[in-house]
Amino acid sequence: MSLKTLPLLFINLGGEMMYILDQRLRAQNIPQEKAKKVLNDIVATMFNKRFMEELFKPQALYSKKAMRTVFDRLAHASIMRLNAASMDKLYDLMTMAFKYQVSLALRPKDIILITLNHMDAMRAYVEGSTTVRGQVDTVYKMLIDTYASLSNGEFQLIRQTLLSFFQDMHIRVSIFLKDKVQNNNGRFILTPGGNLPFGTEVPGVIRSYDASGTSRNIGFQGGAAYVAVTREGSFDAKGDRSTRLGTNMYSAARPVETSGHSTSKSVMQGGDMDTSNPDPLAKAHLDLLSQLIGADVTKNEFRLNLFQNDQEEEEAASIQPIETAESKVVNIDASKKKQSSELSKIMGEMTLEDGGADGGDSDLLSLMDS
Amino acid sequence: MFRKDKPITLKGSTSFLCNNLSVYVMPEKKQLNYAVVHKSVVNIACATTDGTSVTGRQVACKEPSAAQGLPFVMQSKWVILPSRTVLVLTTHRGIQIYEPDGSAMIYWHALSDSMDKSNYGKGICGAGDNLICVGTESGAILVFEIPPKGTNVTLFDTVKGHKSPITDLAAEGEFMVSADDLGTIMVWRCSGSKFSQVSCVRGCGWPCNSVAVWKDVVVGGFSSGHIRVYNAASGTLGAEVTAHARSINAVHVACESGMLLTVSDDTFLKIWQLKTGAAPQIEHRYSECVTDLQLVGGNFVDKQGRAVCITGYDSNEIQFFIKG
């Protein structure tokens, strides 16, 4: 497992968090200067010099629990407050978005381009503040210094480490379901065809050499229509990353939903580090983060809601414990789906409704059929 | 040419690791065993050859220094030597050798005890009558001598040559083949007690994730999606295939027929036929897209290549395809 993975996980999750907060701040008509303060404060805390230096030291990833706590603190680094249900949802969205980007990255090295997309957006959020922009620029430099020269093999190991962190997380996200990039079982749709990783060739040719070294080409069915990419994404400060992964997929008009909670709580299976170890390094970093955030709380506090309205938020908060308790039952249903075509037809109808509607009822439905 | 058969369900999902499926056939017991890595656990499924019963087991990887948390398993593989079969696990800190059913640990070898520097083990194969080779992140290949019985395993030799992390090892007959992170492939001859380098093909920066050797043919599956086929003794490139649209994560040869399988991130399982010679050749035979699954492990179940099993990231199933 790569010991260089933690900064990438943290920065990309942080970037996704900023997209969602920005979208919700606007959707809830939070006054502009307050919204700006929130984004500024969070980016400033996230990219604190000492915290970044600690993060970039070679180390194993935090456990899922520790990572979640870090973002709990970070989300509350400013005057904005989130209740537990909204925080859950925020974290679910962030993690699934980055899981999607890592899973779909054409080649492991694209993870650095995804990171730079997030960095570009975060720099734009703090354009008004010279000090915070300076912090962002420092992190750009740290990223390039650490990662630009790594081999394909090292990036491959980093990608495998990230995918191991996201293993068994199958939360359904409405924006993904609507875009038809995620299935109802929470898995991403991988359609063969399209762009190839930079530097690779279109499948379908056998170059055969004889003893004298002369070659002849023999064609075969490559499996799908692929397109070779001729331009590599740029690592420059304002370069073209040439991938959409890691850019903002939300807009004020496009609210985001999750459903079918992660089964991660019930699937720990001894494979995770979560339960067994206190994670001393992560704890030290958390303490540092607490110091940084300190007691700088003002009277201007406001509450942000990740749901459409307060009622939905309360419902979500009251539903969760039940849903967790019944997650095992849900699993059994999913396996039956394969055997009974009638049942799957009914389930298909239920999910169709869930995909199209935006009322509170459909959320309940989707929780039940996940 | 191949049809899908009933899958086997594992106790946990498959981790994203190259070569993440090992098969061990016990004809005398009419038993088929499959090992798949899930984070710090190896899930073993044990099936009867007629497919009527499947039992699951787990080998939890523990290391003496519990202070460092659970180790991540990088690979697990059964090594079948003439005198003995063992299950070998490599982690990001060491190598562990178990009895074939995973019940008891025979040997443990530390590779790194530092928190901020890893030295993982990756690439496992048997060689000669009683040797097991394991690749490491440092590029060295460790050779262990395995006694026919008991726990008296000894580090017998260290084979040096690779300058970057070993990705995979394979052996057949007198040849042992090693591949690394930069795509370099080396062929070694194992004569009794010494390994001597026979040929070397320099890589071009794309990792060679999986290697196989069959008679005098060496096959490399690269993360650029290419398959390359070489003559083992000379290192001569016989054929290069633009085979997959993403990284190839595993290759495997059916030793009695010379059939080759490759699996990839691009969701495809592909089957090929190898031909031996001074410039060995390859022909495409079959392609199957496994819906929405990034394939990380693949093996022929039998020596003829009549049945194929595969694993994919985040899935807890081993899927089967039968020639028909």
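Report yes if A:Lys65 is under 26 Å from A:Pro192 (Cβ atoms), part of a helix (DSSP H, G or I) and within 14 Å of chain B (Cβ to nearest Cβ), otherwise no. For A:Lys65, the condition - under 26 Å from A:Pro192 (Cβ atoms), part of a helix (DSSP H, G or I) and within 14 Å of chain B (Cβ to nearest Cβ) - is not met. Being exposed (fewer than 13 other Cβ atoms within 10 Å of the Cβ) and within 28 Å of the chain's Cα centre (by Cα) is a description that does not apply to A:Asp168.
Under the condition of being within 14 Å of another protein chain (Cβ to nearest Cβ), of a type in the set (Ser, Thr, Tyr) and part of a helix (DSSP H, G or I), the residues counted in region A:2-44 number 0. Inside region A:193-219, residues that are more than 7 Å from chain B (Cβ to nearest Cβ) and charged (D, E, K, R) make up a count of 1.
Applying the selection to region B:7-37, what residues are crowded, with 24+ Cβ neighbours inside 10 Å and part of a strand (DSSP E or B)? Steps first, please.
Filtering region B:7-37 for residues crowded, with 24+ Cβ neighbours inside 10 Å gives B:14-21, B:34-37.
Within region B:7-37, B:Tyr34, B:Ala35, B:Val36, B:Val37 meet the criteria.
Has region A:9-26 got at least one residue that is farther than 18 Å from A:His118 by Cα, surrounded by fewer than 19 Cβ atoms within 10 Å (Cβ to Cβ) and touching a Phe, Trp or Tyr at 6+ places or on another chain (Cβ under 9 Å)? The answer is no; no qualifying residue exists.
Let's see how each residue does on (1) in contact with a Ser or Thr (Cβ under 6 Å, 6 or more places away or on another chain); (2) touching a residue at least 60 places away in the same chain (Cβ under 8 Å):
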site: B:Thr85; (1), (2): no, yes
site: B:Gly94; (1), (2): no, no
site: B:Trp108; (1), (2): no, no
site: B:Ser114; (1), (2): no, no
site: B:Asn119; (1), (2): yes, no
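Scanning region A:192-203 for residues that are surrounded by 15 or more Cβ atoms within 10 Å (Cβ to Cβ) and either free of Cβ contacts under 8 Å to residues at least 24 places away in the same chain or assigned to a strand (DSSP E or B) (or both) yields a single hit, A:Pro203.
Taking residues in region A:44-62 that are farther than 24 Å from A:Ser129 by Cα, and partners anywhere that are surrounded by 17 or more Cβ atoms within 10 Å (Cβ to Cβ) and of a type in the set (Val, Ile, Thr), the pairs with Cβ atoms closer than 8 Å and at least 6 places apart or on different chains are A:Leu61/A:Thr5; A:Leu61/A:Thr161; A:Tyr62/A:Val70. Closer than 23 Å to A:Lys238 by Cβ and in contact with a strand residue (DSSP E or B) (Cβ under 7 Å, 6 or more places away or on another chain): does that describe A:Leu116? No; evaluated as a whole, the condition is false for this residue.
State yes or no: is B:Val143 within 22 Å of B:Gln197 (Cβ to Cβ), of a type in the set (A, V, I, L, M) and touching a Gly at 6+ places or on another chain (Cβ under 6 Å)?
Considered against the rule, which asks whether it is within 22 Å of B:Gln197 (Cβ to Cβ), of a type in the set (A, V, I, L, M) and touching a Gly at 6+ places or on another chain (Cβ under 6 Å), B:Val143 comes out as no.
Restricting attention to region B:27-65, report how many residues are basic (Lys, Arg) and more than 14 Å from chain A (Cβ to nearest Cβ).
So the first thing to find is which residues in region B:27-65 are basic (Lys, Arg), and the list is B:29-30, B:39, B:57, B:62.
Now narrow it down to the ones that are more than 14 Å from chain A (Cβ to nearest Cβ): B:29-30.
Counting residues in region B:27-65 that are basic (Lys, Arg) and more than 14 Å from chain A (Cβ to nearest Cβ) gives 2.
Restricting attention to region B:146-191, and to residues there that are among the acidic types (Asp, Glu) and at pLDDT below 95, which single residue is farthest from B:Ser234 (Cα to Cα)? Full working, then the answer.
Going residue by residue through region B:146-191, those that are among the acidic types (Asp, Glu) are B:157, B:168, B:172, B:174, B:180-181.
When the remaining residues are screened for being at pLDDT below 95, the result is B:157, B:172, B:174.
On the way: B:Asp157: 25, B:Glu172: 16, B:Glu174: 14 Å.
Per the criteria, the residue is B:Asp157.
Check region A:2-17 and report whether any residue there is farther than 17 Å from A:Val136 by Cβ and of a type in the set (Lys, Arg). Scanning region A:2-17, I find at least one residue that is farther than 17 Å from A:Val136 by Cβ and of a type in the set (Lys, Arg), so the answer is yes. Scanning region A:163-182 for residues that are more than 7 Å from every other protein chain (Cβ to nearest Cβ), assigned to a loop (DSSP other than H, G, I, E, B) and either out of contact with any strand residue (DSSP E or B) (no Cβ under 8 Å at 6 or more places or on another chain) or modelled with pLDDT of 95 or more (or both) yields A:Met169, A:His170, A:Asp179, A:Lys180.
Applying a threshold of 7 Å to beta carbon distances and a minimum spacing of six or more residues, or different chains, the list of pairs starting in region B:159-188 at a residue that is within 14 Å of chain A (Cβ to nearest Cβ) and ending at one that is assigned to a strand (DSSP E or B) and acidic (Asp, Glu) reads B:His162/B:Asp180; B:Ser164/B:Asp180; B:Pro165/B:Asp180; B:Ile166/B:Asp180; B:Thr167/B:Asp180; B:Ala179/B:Asp168. In region B:249-324, counting only strands (runs of 3 or more DSSP E) that sit wholly within it, the ones holding 1 or more residues that are in contact with a Leu (Cβ under 9 Å, 6 or more places away or on another chain) and more than 14 Å from every other protein chain (Cβ to nearest Cβ) span B:259-264, B:295-300, B:307-312, B:317-323.
I'd like to check something: does region B:225-240 contain any residue that is in contact with a helix residue (DSSP H, G or I) (Cβ under 8 Å, 6 or more places away or on another chain) and either touching a residue at least 40 places away in the same chain (Cβ under 8 Å) or charged (D, E, K, R) (or both)?
So in region B:225-240, the residues in contact with a helix residue (DSSP H, G or I) (Cβ under 8 Å, 6 or more places away or on another chain) come out as none.
No, because not a single residue in region B:225-240 is in contact with a helix residue (DSSP H, G or I) (Cβ under 8 Å, 6 or more places away or on another chain) and either touching a residue at least 40 places away in the same chain (Cβ under 8 Å) or charged (D, E, K, R) (or both).
All conditions in (1) assigned to a strand (DSSP E or B); (2) within 13 Å of chain A (Cβ to nearest Cβ); (3) more than 19 Å from the chain's Cα centre (by Cα) hold for B:Gln75, with the sole exception of (3). Within region A:154-168, the presence of a residue that is closer than 30 Å to B:Tyr286 by Cβ and hydroxyl-bearing (Ser, Thr, Tyr) is excluded. Of everything listed in (1) of a type in the set (A, V, I, L, M, F, W, C); (2) crowded, with 21+ Cβ neighbours inside 10 Å; (3) under 30 Å from B:Tyr120 (Cβ atoms), the single unmet condition for A:Ile206 is (3). Just one of the listed residues (B:Ile80, B:Ile124, B:Ile97) is at pLDDT 95 or above, out of contact with any Pro (no Cβ under 6 Å at 6 or more places or on another chain) and surrounded by fewer than 18 Cβ atoms within 10 Å (Cβ to Cβ), and it is B:Ile80.
Kindly establish whether A:Ser129 is crowded, with 21+ Cβ neighbours inside 10 Å and small (Gly, Ala, Ser).
Details: crowded, with 21+ Cβ neighbours inside 10 Å: no; small (Gly, Ala, Ser): yes.
When the stated conditions are applied, A:Ser129 does not pass them.
In the condition set (1) more than 19 Å from A:Leu286 (Cβ to Cβ); (2) crowded, with 20+ Cβ neighbours inside 10 Å, A:Leu55 is compliant with all but (1). Screening region B:134-155 for residues that are more than 19 Å from B:Met105 (Cβ to Cβ) and out of contact with any His (no Cβ under 7 Å at 6 or more places or on another chain) and picking the one that is nearest to the other protein chains (Cβ to nearest Cβ) gives B:Glu137.
Among A:Met122, A:Met169, which is the only one that is within 30 Å of B:Asn119 (Cα to Cα) and in contact (Cβ under 8 Å) with a residue 24 or more places away in the chain?
On the way: A:Met122 fails: within 30 Å of B:Asn119 (Cα to Cα).
Of the residues listed, the single one that is within 30 Å of B:Asn119 (Cα to Cα) and in contact (Cβ under 8 Å) with a residue 24 or more places away in the chain is A:Met169.
Residues of region B:229-245 that are part of a loop (DSSP other than H, G, I, E, B), at the interface with another protein chain (Cβ under 9 Å from one of its Cβ atoms) and not aliphatic (A, V, I, L, M): B:Thr236, B:His244.
The values are calculated or read from the model by the stated rules, or taken from the named source; none is laboratory data. Computed from a prediction, not measured in an experiment: that's the story for all the values here. In this analysis, Cβ positions are derived from the backbone assuming ideal geometry, glycine residues included, and neighbour counts consider all displayed protein chains.
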